[in-house]
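See structure below.
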Amino acid sequence: MASYDAVVIGTGIIGSFTALHLADAGLKLLVVDRHGLASGTSRASDGNLLISDKSPGVLFDLTVESFRHWDAMIAALGNHCEYDKKGATLATMDPGRRAKLLAHVEEHARHGVRAELLAPADVRRIEPALHPEVAAVGWWPDERQVQPMLACYQVARHLQARGVSYRFDDELLAIEPSPQGVMLRFGSAPDVACGRVVLCAGVWTPSLLKPLGIDLPILPRKGQIAVIERSDLPVRTKIADFAYNDLVEEIDPSDTRAQTATIVERTKSGTILCGSSRQFVGLDTGVDAAVLSRIVRDCLRFVPGLAGLRVIRGYAGLRPCTPDGLPVIGPVDAHERIYVATGHEGTGHGLAGVTGAMVAAMLTGKGHALAKACDPKRLLQ
Ligand SMILES: Cc1cc2nc3c(=O)[nH]c(=O)nc-3n(C[C@H](O)[C@H](O)[C@H](O)COP(=O)(O)OP(=O)(O)OC[C@H]3O[C@@H](n4cnc5c(N)ncnc54)[C@H](O)[C@@H]3O)c2cc1C
């Protein structure tokens, strides 16, 4: 029977960075996905790596560290995933929110993040697509964008070349932990023994733990994106409605209505992504045309040049959301053989680097300064 130091379940952005850091730490690894590479939420999202949507605190500190790991990954492996420090603009059409946006900018600047409130002439220079009557615009020049699937492919190619085993189209069905290690039972391939298993299975993680009596509260938070046809519309930054920040923080699973807030960004291929929505409707990934229309209507308020362009498709994904908005990274069983790394909600790409580093630190006995805040035990009964 095959035996590994660790098995990573899931090849989305979190599984990819976790595998990368565990391999760098020298562990013998197997990486498994029940479908193809990055076939879950990481394939159905935007690719913004953002700090502008966070206030100082745990998520902020995680993001600062995570950006360093993203930069290090690109420096080591090259840029084959459209990694781009294009910057982000946070805008409001409401003059009454100007002071709040200014306070947000100043708070970031005090915490060492480059951010400023733009003068009108600079708005036109930096983001000509924005509505001329926008009330205030904050500018974060170091915000990054990436194509998440390409990032997962890049990491997988690199690890496979280093001899790490990947197994696709094989579903993990059962986990049997013991003081000595873990036995993993799969749908179509032989059982695997390992020292530890790391579940990076996104919104599907709870179903793997339930048979063990572990109730991890990860709530699927659906999000939709409208893809706009290629055009010359000069969208240079990631444009977001400042109200987006409030929407991310409001977590009320009993409310099943779709909430929307504007995000507009151009991809390298020339299409424009308009997002996004947030909705608690279980594991449904169907595209709702009414929600897509609302998203596009919201985006038109900020970027009037979108009028006349066609929506060519829409897609939906499921953000893994925790009740307190923080990820869960760490062991969940009594023997400390089963680790989870999930619950990143709408910031999984941004936090992938620090998540991988934290898991590797834990599995090699080093610990991590932010591990306590991400400890899954805070949410387990
Ligand atoms: C509309 C939308 C926009 C978003 N925009 C952004 C953004 O701009 N920036 C950002 O940082 N984040 C964004 N997010 C959030 C981000 O996409 C997620 O946080 C991230 O993709 C989660 O990655 P993951 O690896 O944890 O999960 P996933 O990508 O879902 O990966 C889980 C993997 O586990 C596999 N799996 C599940 N069960 C099993 C099993 N039993 N056996 C084997 N394999 C299994 C699945 O097949 C899947 O490949 C967005 C999300 C949505 C929906």
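Here are a few things to note about the model shown:
- Single match in L101, L117 (criterion: in contact (Cβ under 8 Å) with a residue 24 or more places away in the chain, under 19 Å from I51 (Cα atoms) and assigned by TED's automatic domain parsing to the domain that holds C299): L101
- Residue that is surrounded by the most Cβ atoms within 10 Å (Cβ to Cβ) [pool: residues in region 26-41 that are within 17 Å of H158 (Cβ to Cβ) and touching a strand residue (DSSP E or B) at 6+ places or on another chain (Cβ under 9 Å)]: V31
- Residue ID - surrounded by the most Cβ atoms within 10 Å (Cβ to Cβ), chosen from residues in region 320-342 that are part of a loop (DSSP other than H, G, I, E, B) and touching a helix residue (DSSP H, G or I) at 6+ places or on another chain (Cβ under 8 Å): P327
- Looking only at residues in region 114-125 that are aliphatic (A, V, I, L, M) and under 17 Å from F242 (Cα atoms), the one that is surrounded by the fewest Cβ atoms within 10 Å (Cβ to Cβ) is A119.
- Filter result for R301 (within 29 Å of T92 (Cβ to Cβ), part of a helix (DSSP H, G or I) and either in contact with a strand residue (DSSP E or B) (Cβ under 6 Å, 6 or more places away or on another chain) or not hydrophobic (A, V, I, L, M, F, W, C) (or both)): yes
- Within region 66-79, residues that are over 19 Å from H368 (Cα atoms) reach partners that are not in a helix (DSSP H, G or I) with beta carbons closer than 6 Å, at six or more positions or on different chains, in the pairs I74/Y83.
- G78 meets the conditions (1) in contact with a Phe, Trp or Tyr (Cβ under 9 Å, 6 or more places away or on another chain); (2) not assigned by TED's automatic domain parsing to the domain that holds H158 in every case but one. The failed one is (1).
- Where V303 falls short, out of the listed (1) within 16 Å of the ligand (Cβ to nearest atom); (2) surrounded by 20 or more Cβ atoms within 10 Å (Cβ to Cβ): (1)
- Each residue in region 139-171 was checked for being in a loop (DSSP other than H, G, I, E, B) and of a type in the set (F, W, Y), and 1 of them qualify.
- Subset of region 323-337 (residues that are within 13 Å of the ligand (Cβ to nearest atom) and in contact (Cβ under 8 Å) with a residue 60 or more places away in the chain): G325, L326, P327, V328
- T271 at pLDDT 95 or above and polar (S, T, N, Q): yes
- Verdict on T18 being near the ligand (Cβ under 6 Å from one of its atoms), buried (at least 24 other Cβ atoms within 10 Å of the Cβ) and either farther than 30 Å from R110 by Cβ or among the charged types (D, E, K, R) (or both): no
Residues are listed down the side, and each one gets a yes or a no for (1) under 20 Å from A357 (Cβ atoms); (2) free of Cβ contacts under 8 Å to residues at least 12 places away in the same chain:
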residue	(1), (2)
V164	yes, no
R167	no, no
L173	no, no
E176	no, yes
M183	no, yes
L208	no, no
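- Condition met for S42 (farther than 26 Å from G195 by Cα, touching a residue at least 12 places away in the same chain (Cβ under 8 Å) and more than 8 Å from the ligand (Cβ to nearest atom)): no
- The residues listed here are G138, G223, G187, G213; of these, the one that is farther than 30 Å from P95 by Cβ and at pLDDT 95 or above is G213.
- Checklist (1) within 11 Å of the ligand (Cβ to nearest atom); (2) closer than 22 Å to A174 by Cβ; (3) crowded, with 16+ Cβ neighbours inside 10 Å applied to S207, failing item: (3)
- Among residues of region 268-280, those that are without any contact (Cβ under 8 Å) to a residue 60 or more places away in the chain and surrounded by 14 or more Cβ atoms within 10 Å (Cβ to Cβ), counted: 5
- Filtered residue count, region 190-204, keeping only those that are in a loop (DSSP other than H, G, I, E, B) and crowded, with 22+ Cβ neighbours inside 10 Å: 2
- Here R310 meets the list (1) surrounded by 24 or more Cβ atoms within 10 Å (Cβ to Cβ); (2) away from the ligand (no atom under 16 Å from the Cβ) almost entirely, failing just condition (1).
The values are calculated or read from the model by the stated rules, or taken from the named source; none is laboratory data. On a predicted model such as this, the values are computed, not experimentally measured, just so you know. Note: ideal-geometry Cβ built from the backbone for every residue, glycine included; neighbour counts use all protein chains shown.
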